[in-house]
Amino acid sequence: MPVAVPAPPVKAKAKKPPKSVRSVEKRILKPLDIAAAGGDATVLDRLWQTVEQRRLSGDVNHSHSARLMARGTAKVAQKLGEEAVECVIEATQGHRAETILESADLLYHLVVVWVDAGIKPEEVWAELQRREGISGIAEKAARPKGIVRAARTTKLP
Ligand SMILES: N=c1c2ncn([C@@H]3O[C@H](COP(=O)(O)OP(=O)(O)OP(=O)(O)O)[C@@H](O)[C@H]3O)c2ncn1[C@@H]1O[C@H](COP(=O)(O)O)[C@@H](O)[C@H]1O
């Protein structure tokens with residue numbers, strides 16, 4: 001009488017994330033690569049210098065920044081808005097890797113806005129530093145009610 005041989009256990013295959021997610025994950029740095037790259041926020045100052053040089057060169061054939069600024073302030077600002085919305089969409093959906101990529105796009109386009117407007121990064125750093133330690137809740141509560149100040153806004157001290 002033949003002996004029934006039990007079938008080998010079927011290994012559950014680990015589910016791969018979809019191709020689109022894998023390709024985005026390949027594009028962002030892994031923690032060890034991030035440490036090796038040694039990047040920090042000073043990259044924004046260098047980026048500003050590069051974009052400012054592109055503005056001065058006006059080389060629309062070789063520079064995306066020069067080409068964008070040549071299209072005018074409204075276009076420069078519009079691109080920032082588009083990148084902001086893309087970042088919001090990815091963040092809202094909890095797509096971490098995509099949010100990193102969109103954040104980089106957003107910061108680049110913010111720097112182009114600064115260069116186009118003649119704003120130096122240190123002016124923004126100074127404003128952030130001035131706000132350090134000021135609770136947003138306390139600041140909002142202390143705002144004068146119904147008075148539109150010289151800056152044409154009721155926001156910010
Ligand atoms: N960080 C960036 C950066 N991030 C995104 N991008 C470009 O931004 C563009 C965004 O593409 P989109 O299709 O959204 O926009 P678009 O081409 O303006 O098209 P439309 O909206 O007009 O249809 C792409 O061409 C990206 O390559 C960037 N281009 C340049 N930089 C930095 O800026 C430096 C100077 O670049 P150039 O000015 O090109 O020399 C580079 O060395 C980088 O450090």
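The values are calculated or read from the model by the stated rules, or taken from the named source; none is laboratory data. No experiment lies behind these values; they were computed from the predicted model shown. FYI the Cβ positions are ideal-geometry reconstructions off the backbone, even for glycines, and counts take in every protein chain you see. Note: areas computed on protein heavy atoms with side chains; ligands, DNA, RNA excluded. Shrake-Rupley method; radii C 1.70, N 1.55, O 1.52, S 1.80 Å.
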(request) Could you tell me whether any residue of the stretch 97-113 is more than 11 Å from the ligand (Cβ to nearest atom), assigned to a helix (DSSP H, G or I) and surrounded by fewer than 12 Cβ atoms within 10 Å (Cβ to Cβ)? (result) no
(message) I'd like the residue in the stretch 35-61 that is within 11 Å of the ligand (Cβ to nearest atom) and among the charged types (D, E, K, R) and, out of all such residues, is most open to solvent (accessible area, probe 1.4 Å).
(response) Arg46
(request) Scan the stretch 86-96 residue by residue and report those that are surrounded by fewer than 12 Cβ atoms within 10 Å (Cβ to Cβ) and either within 12 Å of the ligand (Cβ to nearest atom) or among the hydroxyl-bearing types (Ser, Thr, Tyr) (or both). (result) Thr92
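Provide a single number: the residues in the stretch 86-143 that are among the small types (Gly, Ala, Ser), free of Cβ contacts under 8 Å to residues at least 40 places away in the same chain and either in contact with a helix residue (DSSP H, G or I) (Cβ under 6 Å, 6 or more places away or on another chain) or closer than 30 Å to Glu25 by Cβ (or both).
4
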(request) Quick one: count up the residues across the stretch 33-52 that are within 19 Å of Asp105 (Cα to Cα) and assigned to a helix (DSSP H, G or I). (result) 13
(request) Could you tell me which numbered condition Trp125 fails, if it satisfies all but one of (1) within 15 Å of the ligand (Cβ to nearest atom); (2) under 18 Å from the mean Cα position of the chain (by Cα); (3) surrounded by fewer than 16 Cβ atoms within 10 Å (Cβ to Cβ)? (result) (1)
(request) Looking at (1) at pLDDT below 95; (2) of a type in the set (A, V, I, L, M, F, W, C); (3) under 18 Å from Glu52 (Cβ atoms), find the lone condition where Leu80 falls short. (result) (1)
(request) Determine if the stretch 54-63 includes at least one residue that is assigned to a helix (DSSP H, G or I), hydroxyl-bearing (Ser, Thr, Tyr) and within 19 Å of the chain's Cα centre (by Cα). (result) no
(message) Just to verify a result, which residue in the stretch 64-76, among those that are of a type in the set (Gly, Ala, Ser), open to solvent by less than 50 Å² (accessible area, probe 1.4 Å) and within 21 Å of the chain's Cα centre (by Cα), is nearest to the ligand (Cβ to nearest atom)?
(response) Ser65
